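I have placed the structure first, in the form of structure tokens, so that the comments after it can refer back to it.
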Amino acid sequence: MSGPADPTMPDAAERAELAELDRTWGSPPGFVGWLSQVNHRAIGKRYLATGLVFFLLAGIDALRIRLQLAMPENALLGPEPYNAAFTMHGTTMMFLFAVPIMEGVGIYLVPLMIGARDMALPRLNALGYWVYFIAGTSLYIAYFFGLAPTGGWFSYPPLTRAEYSPDKGLDFWATMITFIEIAALVAAIELIVTIFKQRAPGMSLNRMPLLVWSVLVMAFMIVFAMPPLMVASGMLALDRTFSTQFFNPLLGGEALLWQHVFWFFGHPDVYIIMLPAFGILSMVIASSARRPIFGYTAIVLSFVAIGFLSFGLWVHHMFATGLPLLGMSFFTAASMMITIPSGIQVFCWIATIWNGRVRITTSFLFAVGAIITFVLGGVTGVMLASVPFDLQVHDTFFVVAHFHYVLFGGVVFPLFAGFYHWFPKVTGRMLDETVGRWNFALMFIGFHVTFFPQHQLGFLGMPRRVFTYLDGLGWGELNLISTIGAFVIGVGVLLFLANAISALLAGRRAEGDPWGADSLEWATSSPPPLYNFQRIPNVSSQNPLWRSDPDETPVEVELRSDRRETPVTALLDARPQGRLVLPGPTLVPLFTAFSIAFVFLGLIANPWLVPVGALLTFGCIAAWAWPRDWNVDDTGRPGEGARS
Amino acid sequence: MNEVRRIPRQELPVILSGSRSPIWWGMVILVIIESTVFATLISSYFYIRVNSPAWPPGGLPNPDLLLPIINTIVLFCSSMAVLWGMAGLKKNDLRRLKIGIGAGIALEIIFFIIKIMMGTGGPFDWSTNAYGSIFFTINWLHTGHVLVAILMASVAEMLAFRGYFDRERKLGVQVVNIYWQFVAVVWIPVFIVLFLTPRWY
Amino acid sequence: MKRRNALCLIAILLPFTACSGPQYALDPRSPASSSIAQLWWVMLAIASAVSLTVVILLLVAIGRARRRERGEDVREIAGRPLVLTGGVVIPTIVLLSLLVYNFRLGASLQSAEADEIGGLTIEVVGHQFWWEVRYPGHGITTANEITIPAGEPVRFLVSSPDVIHSFWVPQLHGKIDMIPGRLHTLMAEADQPGVFRGQCAEYCGMAHALMAFWVEALQPAEFAAWVEARTAPPLEPEDAQVERGRQVFFEAECGDCHATRGAAAPAGSGSAAPDLADLATRRTIGAGTLPNTPEALARWIEDPQAVKPGARMPPTALEDAEMQALLAYLGSLR
Ligand code: HEA
Ligand code: HEA
Ligand code: CUA
Ligand SMILES: [Cu+2]
């Protein structure tokens, strides 16, 4: 039995406790044991690794796109492969890379940052991952077997209805997109609950690290944005497989219904992936500047404001659809308003750096590159918000340039800043800083060489999604420059991979807190033990590793080490309220994910599989919900012994 | 630096219920998600409607009212039954809980059977036109939720029969109850939109 | 040519150099496109100022922090005024003025549309993957090429029977989507006579990339002459080769889809294919894909898919003599 956490405890007892914790939080050995893991860090790592693989796959498609466009009337890719390439590139980057990897960042880091041993619903967490994994791989398996979707990442009907796209590829797209949203929603529930109820004692809401705040806002945005997407992609799947008429203009259906619902999701989605990235930037900048972030409250309020405002902008993707001007003007105004919270954050970072003592690490370089790139993309966003201007450049390479600027500035560069920052924590090894600088330089320069000329291509009248273009339109040279840049980015990414692999094999060992940073994940070893913290830390400031409030009495909660326990605290002030007993390794989530996949694949293959899958799913969930241990209570409350 | 205050295990219960329990929050968020799904579908219904010259389009009659009204009453009773059973749990009355949930399940099964009797809800089906598609989807999505609620409640009922619940250990029923009430409450907008609004204007 | 395009890169940095191309939106040839281009230059100036300021501030901040790191005594900046001016006050002022500018421009573009009730109306229907063009006031139908009078506003009524396309002639106006089940209006006016290229701007399937068209603006008098010529009764075939080609045209079932001079497309075929009545006057065939030469036409007829994958026209194998006759006939359609 675990003893109370007594500082005078002899070493032997301490060692016994650690050994017991290791046993309790460990998983069975072997492949099956690996499949049954539910610990948040195992799941988080899988999300991160899978997301990275999808980034590479989508990047390879990007390089194919760029090769095809390198010169006029290129014969490298025909129209079908090209259309499949940009559809898969966009779909993968948005649905299989950006959103899941941000969830992965949250799942890996949030419990560490709030001082918990695991997340609230570990099995649900595993289910989310398996759903993501199955959906992503089936989409790619179909792609490799030639069943490629060709509708673009936003798949506008009627083109994507069965009359105009009879191939199975789009069936896979519609069902797998519906399916994968389950993963996003599950992760959102998981993250919200964990952040609400499992923060270390003393970590009131206003002491949460900014990354945790951004993940919380992101999770809430997922809760309101993903269901509309599921509805839209579900309606499309029904139109295709069960001949409903939602999007058939001949039978009262509405092409624009899809656009409204899709963008009601789509616009918040871009901020869903940007907010955690901004959380990462705030953490990286504060720890590189070695001072607390300037304007903590302002940044938190900006997150929340962006979260709210982003639900009022969707029509700016539909300015060319002939809606009434007055209505569209509202969305112009809203789009411009969202500039202000974005700008506030940028200036808070500048103020933090200005008053700090900056150590220039690769991570910091990526953060600076991110800010510069994001601002350039943000200002073109403001231009696009203008209706008359957008009518010219909508659906041209100007828009392509805009969104790659914000996506690199608001997702990719911050993620790389995060990779360099937390790699030691995750793996216990340091990445090489010299290679890191090259990595940054290549990606940054390559990026601007690729995408800056695309603004001009837009003005020259080059529409997006064209598999070829004729000579004499003046687009050739700029496209060639852009293609060269893309390969420079590619070399940069390869350098990162090389750096990561060599660090894993022979990198310098990392201490617990190699950067001297301020948040709780640095309070434990690198990599952390399976149970994250032997003693749950106590928090009395925004920067627990830098300062603590001498007037506050630290509390320590007593947890058992012979079963998985983590503290439950109050929503606002993180007062300890109880203990949460967590389930251990199990295969049930994996089976559940496969059963649900059965339902969705049934939609594509044979509708009769749907009820079979549904029954299987119900069986799994019943097995899941059945209480594992009827006698969890150990507080000796009255009436306990009455049951057997 | 102050002395550390240690909170012993006895003060940290493992059996949590209501808003103290993370699981309870999980169910609340699930209900928000589901509400967003219904809100999206209902908005889509009206979007299709405002762009349609007539409603219901294509000379279809208004949906029949009798069975849906009966169903509304049935659903209301089932929701009351479960609430009544839940109240019993407060007094540690497990028998009342069993009766409440049992009655709730029985009523929802009646609801389900009536739904099957209603069929597609008129001389059309999901492929007739966009009206048929959205009508059918909303109607049967709700029915699907009723089924899930029945299945969830059955698990809770089985546990109740095995004496799992008591005044403290009630998270399971609480969670089922949240879902149950959601399924009942969301029927009201569904009913109003699908069955009443076509008559109103 | 090469040099000039390489300069385009610099053109964004230095808003002086001009690039060109038949679809260059910043080389406007209409009041609407001019005012949009002007809006762009104003916004570019603002955007450059904003971005430059941020980048400079960022670099200065890093410089300060580095010096402090090296042990120098560097004064701290008051963060709050920086964030308030940079993040709130200046953006609010800039964006509000931009908003007003925008509304006024948007409203003026739109009122131009509402006012012109008279004038020429042209219906443009986007098909997968070509453009049907009709002049309801004159009873003219043609395809892939639009002739308009210069110096007067023209009303375009755009629609689509299949999927969404987008009608866009950058030098004349911004784009407007052609959405099945809807009818959209666009008013455009060319300042001067000239030829402008347009291209489908909404992804519409396999051959979306090759769905272009031309707009030719003529002096009003020339335009009147054009209308005259288009509405004159068809001429009888003047020589045997052309007459033979006409037969081939119908034997090879071209007439099942295409209307030609004096022969409407069969009832029920809808507008399955471009009207060929004035084919010989077109600049290009296949919606801007190939130059309109006999060799190109022969290639097109033999295998449209090889030229424009996805085009909805079947290949036709013809004997050489038949092909020559058919080409002669097609060449007579003007
Ligand atoms: C991370 C992703 C991300 C982010 C953050 C943004 C941010 C913004 N986006 Fe972008 N956008 C996309 C991803 C993103 N976008 C994508 C993927 C598409 C295309 C989808 C598709 O069609 O495939 C798109 C398309 C898109 C369109 C539609 C274009 C079209 O299809 O025609 C519009 C139109 O209004 C728009 C506007 C904006 C605006 C106003 C912002 C603002 O939030 C930007 C605010 C930020 C700043 C302005 C910089 C910082 C501020 C300051 C330094 C203060 C001072 C600034 C000023 C005074 C200007 N975006
Ligand atoms: C997060 C989102 C994201 C990211 C990171 C990127 C990254 C890139 N994108 Fe993409 N893009 C989108 C989101 C994104 N894109 C979206 C949403 C669309 C719209 C799609 C649509 O219209 O439907 C789009 C469309 C789009 C187009 C327009 C296509 C068209 O309209 O016709 C182009 C063209 O240049 C392009 C290019 C690139 C390039 C060159 C990169 C590069 O930066 C990629 C860099 C990565 C690599 C180069 C990979 C490195 C790997 C290797 C070098 C190989 C290693 C291999 C192994 C180890 C096995 N993208
Ligand atoms: Cu028609 Cu693109
Ligand atoms: Cu947007």
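The values are calculated or read from the model by the stated rules, or taken from the named source; none is laboratory data. These numbers were taken from a predicted model, which means no experiment stands behind them. In this analysis, Cβ positions are derived from the backbone assuming ideal geometry, glycine residues included, and neighbour counts consider all displayed protein chains. The accessibility values were calculated without ligands, DNA or RNA, using every heavy atom of the protein model including side chains. Shrake-Rupley method; radii C 1.70, N 1.55, O 1.52, S 1.80 Å.
Can you work out D for chain B in µm² s⁻¹ from Stokes-Einstein, where Rh is the Kirkwood radius over C-alpha pairs, the temperature is 25 °C and the viscosity is 0.890 mPa s?
After rounding, the answer is 130 µm²/s.
Residue separation of residue A:546 and residue A:19 scaled by 0.36 nm, minus their Cα-Cα distance, works out to 186.7 nm of gained length. Remark: segment A:189-338 projects, on average over all directions, an area of 11.6 nm² (convex hull of Cα atoms).
Quick test of the membrane-span-like rule: which DSSP H helices of chain C reach at least 27 Å along their long axis (C-alpha atoms) with mean Kyte hydropathy at least -1.0? Helices meeting the span and hydropathy rule in chain C are C:31-69, C:90-115. When every Cα-Cα distance of segment C:209-325 is counted in 5 angstrom steps from zero, the calculated P(r) takes the values 2, 10, 17, 23, 22, 15, 9, 3, 0 percent. Cβ-Cβ distance of residue C:42 and residue B:73, R₀ of 60 Å, FRET efficiency by 1/(1 + (r/R0)^6): the value works out to about 0.40.
Distance from the Cα centroid of segment A:149-219 to that of segment A:291-333 is 19 Å (rounded to whole angstrom).
Percent of Cα-Cα pairs more than 18 Å apart in segment B:83-146, please. Working shown, then result.
On the way: 1070 of 2016 pairs.
In whole percent, the long-distance tail amounts to 53.
Note the count of lysine pairs whose C-alpha atoms are less than 20 angstrom apart in the protein assembly as shown, limited to pairs 8 or more residues apart or on different chains. Taking the Cα cut-off of 20 Å, the pair count is 6. Computed over segment C:181-334, relative contact order equals 25 percent, with contacts defined as Cα pairs under 8 Å that lie 6+ residues apart.
If you plug the beta carbon distance of residue A:623 and residue A:167 into 1/(1 + (r/R0)^6) with R0 = 45 Å, you get a FRET efficiency near 0.75. Annotation: average projected area of chain A is 31.0 square nanometres, based on the convex hull of Cα atoms across all directions. Take each residue in A:539-548, count the other chain C-beta atoms within 10 Å of its C-beta, and the mean is 0.
Here the peptides A:395-408, A:431-444, B:151-164 are ranked by packing, the mean other Cβ count within 10 Å, and the order with the highest first is A:395-408, A:431-444, B:151-164.
Remark on the protein assembly as shown: Rg and Dmax equal 32.7, 114 Å (Cα only). Take each residue of peptide A:77-89, count the partner chain Cβ atoms within 10 Å of its Cβ, and average: the result is 2. If you fit an axis through the alpha-carbon atoms of helix A:433-459 and take the longest principal axis of the Cα set of chain A, what angle between them do you get, 0 to 90°, nearest 10? Long axis of A:433-459 versus the principal axis of chain A: about 30 degrees. Ranked by the mean number of other Cβ atoms within 10 Å of their residues, highest first, the peptides A:163-172, A:11-20 come out as A:163-172, A:11-20.
Using C-alpha pairs under 8 Å with a sequence gap of at least 6, the mean separation divided by the residue count of chain C gives a relative contact order of 15 percent. Between the Cα long axis of helix A:339-354 and the first principal axis of chain A there is an angle of about 60°, rounded to the nearest 10. Shape verdict for segment A:491-624, please, from the Cα gyration tensor: rounded (a/c under 1.5), prolate (a/b greater than b/c) or oblate. Taking the square roots of the gyration eigenvalues as a ≥ b ≥ c, segment A:491-624 is oblate.
In terms of the mean number of neighbouring beta-carbon atoms within 10 Å, the peptides A:482-490, A:382-390 order highest first as A:382-390, A:482-490. Highest mobility in the GNM of chain B, judged by mean-square fluctuation with C-alpha springs under 10 Å and restricted to B:135, B:112, B:124, is found for B:124. Extents of segment C:112-217, largest first, come to 36, 27, 25 Å (Cα atoms, principal axes, whole angstrom).
Find the centroid of the Cα atoms in segment C:287-334 and in segment A:29-99, then give the distance between the two in whole Å. After rounding, the separation between the Cα centres reads 41 Å. What separates the Cα centres of segment A:472-541 and segment A:334-375 is a distance of 18 Å. For residue C:285, the accessible area of its heavy atoms, probed at 1.4 Å with every protein chain present, is near 10 square angstrom. What net charge do the residues around residue C:317 carry, taking every other residue with its C-beta under 10 Å from that of residue C:317, with Lys and Arg at +1 and Asp and Glu at -1? Within the 10 Å Cβ shell, the charges total -4. Contact order for segment C:109-239, expressed relative to its length and based on alpha carbon pairs under 8 Å spaced 6+ residues apart, stands at 25 percent.
Across peptide A:316-323, the mean count of Cβ atoms from other chains lying within 10 Å of each residue's own Cβ comes to 4.
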